[in-house]
Amino acid sequence: MCISILRLDFLSALRYNSIVLFLLPVIFLLMVQLTVRYVKTGRKQLTKGQRIVVWSMAVILVLFGVIRNFPQFPLLRPPV
């Protein structure tokens, strides 16, 4: 997926790992928020809302990783 993104082939990246591609903007915004707050205040800890977002993304990634291995969901598997 990363190589496909570097080649600007977003359709191929979507086929390899669609959930990560959809979560990339959320991860980017979270990193920007953390960086801005660290520069302004020097605080490194996540806020309660940010912790909820991080844990939610972790649960989504684990569930997607498990579900994509079931034979009932062939469209979620990466191309061979």
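What is the residue count in the range 42-68 for residues that are assigned to a loop (DSSP other than H, G, I, E, B), over 22 Å from N17 (Cβ atoms) and under 18 Å from the mean Cα position of the chain (by Cα)?
The first filter runs over the range 42-68 and keeps only residues assigned to a loop (DSSP other than H, G, I, E, B), leaving 42-47, 68.
When the remaining residues are screened for being over 22 Å from N17 (Cβ atoms), the result is 42-47.
Applying the additional criterion that residues be under 18 Å from the mean Cα position of the chain (by Cα) yields 46.
So the answer is 1.
Looking at the structure I just gave you, is V26 touching a helix residue (DSSP H, G or I) at 6+ places or on another chain (Cβ under 8 Å), closer than 30 Å to P78 by Cα and in a helix (DSSP H, G or I)? Considered against the rule, which asks whether it is touching a helix residue (DSSP H, G or I) at 6+ places or on another chain (Cβ under 8 Å), closer than 30 Å to P78 by Cα and in a helix (DSSP H, G or I), V26 comes out as yes. Inside the range 4-33, residues that are β-branched (V, I, T) and touching a Phe, Trp or Tyr at 6+ places or on another chain (Cβ under 9 Å) make up a count of 2. Going through (1) assigned to a helix (DSSP H, G or I); (2) within 27 Å of P74 (Cβ to Cβ) one by one, V39 falls short only on (2).
Bear in mind these aren't lab numbers, they're just calculated from the coordinates by the rules spelled out. Everything numeric in this text was worked out from a predicted model, so none of it was measured. Here Cβ is always computed from backbone atoms with ideal geometry, including for glycine, and neighbour counts include all displayed protein chains.
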